[in-house]
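Accompanying notes for the structure given below.
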Amino acid sequence: MVGATVCSVLLVKLTPYMRLRIIQNASLGCVLRGDKKEYPVDYDAKLDVAIDRLHQEGRYRTFIDIERKRGQFPHATWNRPDGSETPVTVWCGNDYLGMGQHPAVLEAMHDAIDATGAGSGGTRNISGTTVYHKRLEAEMADLHHKEAALLFTSAYIANDATLSTLPKLFPGLIIYSDALNHASMIEGVRRNGGAKRIFRHNDIAHLRELMAADDPDAPKVIAFESIYSMDGDFGPIGAICDLADEFGALTYIDEVHAVGMYGPRGAGVAARDGLMGRIDIINGTLAKAYGVMGGYIAASAKMCDAIRSYAPGFIFTTSLPPSVAAAAAASVAHLKTDQALREKHQTQAKILKLRLKGLGLPIIDHGSHIVPLIVGDPVHTKKLSDMLLEDFGIYVQPINFPTVPRGTERLRFTPSPVHGPREMDALVEALDGLWSHCALNRAELAG
């Protein structure tokens, strides 16, 4: 009783805000001591355990603070933790063609900033649609020869929002998803509330088996990628389209690591192979080959309209700044005509793979522009990455679990047209020396 009286007196003397905080936190099972909450569970200790586990497994991720220099990419400055600066060459960037530095892209961005200011001011539905967003969607629809395109803040959001919304549009939908699909596709499929089937990676026989076992009248969609970014292998687009025709399914392809770089106008692998017209929904990014930011889908006008109207990930997200949309539109338009840049990019990738193979380093080569070098141990992968950065000024990020399966940890190189002979010589010589220094196995091919 006395305690209750004391508490009442204290509540009276406290400000209304502090009284509210105490009442709210009491309802959550915690006590307020000054400005700090004290819970019955030691949450900090549990966070320590979770983070320590990553350190012990050798897969704790660190951010390397780099400053890109306009007109000098792939050269950049590494801002060390001690405040000093070191010049580095970036070998793991997703700006595959260096378009983030292209004069036409920068000019378009500057012009849009001068004309409109910084942000879009709202969601697409509430004041956030501008002439720049509409122009960019028209460029992407034209690129893929589709009726329409829909712009998102990233390709991750485009995948997640679209795949999680499709069952709302097609009740009873079954989604067939490749086992190695990107995390954004997995997340969209996982939380869509509909039926899902996971087929073994690129295994057409397994996909057929799964589809044949389901209700022939159920709506279906097959979700897969054109290039799988960790191994650099291609999806069997033609065979999947044949199955889709046979079983009456829609096709959904992620061309994130292909748009801008494959096909006569940069529309992706499906365009290169003459199959783009057989794909119902194409997902792409503006943050890799196009060097800016954003993601999109291209499809029929009705499909884009339905996703626009039902997908929370689109409806409730602030739209991209007009300057970003303007820069992306300029990049897409330019790469529709710059086949020479695409050819140079492929040449650089072939040269790097050939030289690494010549040293017996265990790379994976499926014929794409991605160059994975298998290390097979998370601690060794991180150590190699650190040594390349510290001793050679070469920046390549380690790729560990869960991005890739345990035992396949790797360094993944992304050569570009702006990586010249000097940069490539330095990389190859550094890798050769470190592989010997660390006594790592050599093999002609890892896979």
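The values are calculated or read from the model by the stated rules, or taken from the named source; none is laboratory data. As the structure is a computational prediction, the values presented were derived from the model and not from experiment. Reconstructed Cβ throughout: ideal geometry from the backbone, glycine too, with neighbour counts over all protein chains shown. Side chains are part of the model used for accessible areas, which takes the heavy atoms of the whole protein and leaves out ligands, DNA and RNA. Shrake-Rupley method; radii C 1.70, N 1.55, O 1.52, S 1.80 Å.
A few comments on the model shown:
- Some residue of segment 175-185 being assigned to a helix (DSSP H, G or I) and aliphatic (A, V, I, L, M): yes
- Screening segment 321-425 for helices (runs of 4 or more DSSP H) wholly inside it with 2 or more residues that are out of contact with any helix residue (DSSP H, G or I) (no Cβ under 7 Å at 6 or more places or on another chain) and under 30 Å from TYR60 (Cα atoms) returns the ranges 339-358, 378-392.
- Per the listing LEU136, LEU150, the residue uniquely assigned to a strand (DSSP E or B) and under 21 Å from ALA289 (Cα atoms) is LEU150.
- Looking at ARG308, ARG278, just one residue is touching a Cys at 6+ places or on another chain (Cβ under 6 Å), over 30 Å from PRO417 (Cα atoms) and of a type in the set (D, E, K, R), and that residue is ARG278.
Quick grid of which residues meet (1) in contact (Cβ under 8 Å) with a residue 60 or more places away in the chain; (2) buried (at least 21 other Cβ atoms within 10 Å of the Cβ):
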position	(1), (2)
LYS196	no, no
PRO219	no, no
ASP231	yes, yes
ASP242	no, no
TYR252	yes, yes
VAL269	no, yes
ASP273	no, no
MET276	yes, yes
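- Among residues of segment 98-120, those that are open to solvent by less than 70 Å² (accessible area, probe 1.4 Å) and in a loop (DSSP other than H, G, I, E, B), counted: 5
- Subset of segment 62-97 [in contact (Cβ under 8 Å) with a residue 60 or more places away in the chain and part of a loop (DSSP other than H, G, I, E, B)]: ILE64, PHE73, PRO74, TRP91, CYS92, GLY93, ASN94, ASP95, TYR96, LEU97
- Scanning segment 409-447 for residues that are among the hydroxyl-bearing types (Ser, Thr, Tyr) and open to solvent by less than 40 Å² (accessible area, probe 1.4 Å) yields THR414, SER416.
- Hey, ALA311 in contact with an Asp or Glu (Cβ under 8 Å, 6 or more places away or on another chain), crowded, with 23+ Cβ neighbours inside 10 Å and more than 24 Å from PHE234 (Cα to Cα) or not: no
- Test result for ILE222, farther than 13 Å from SER368 by Cβ, part of a strand (DSSP E or B) and not polar (S, T, N, Q): yes
- Segment 335-358 residues that are open to solvent by 20 Å² or more (accessible area, probe 1.4 Å), paired with ones that are among the β-branched types (Val, Ile, Thr) and at pLDDT 95 or above (beta carbon under 6 Å, 6 or more apart): ARG355/VAL428
- Flag set for SER319, criterion: open to solvent by less than 20 Å² (accessible area, probe 1.4 Å), more than 30 Å from ASP245 (Cα to Cα) and either without any contact (Cβ under 8 Å) to a residue 40 or more places away in the chain or touching a strand residue (DSSP E or B) at 6+ places or on another chain (Cβ under 8 Å) (or both).
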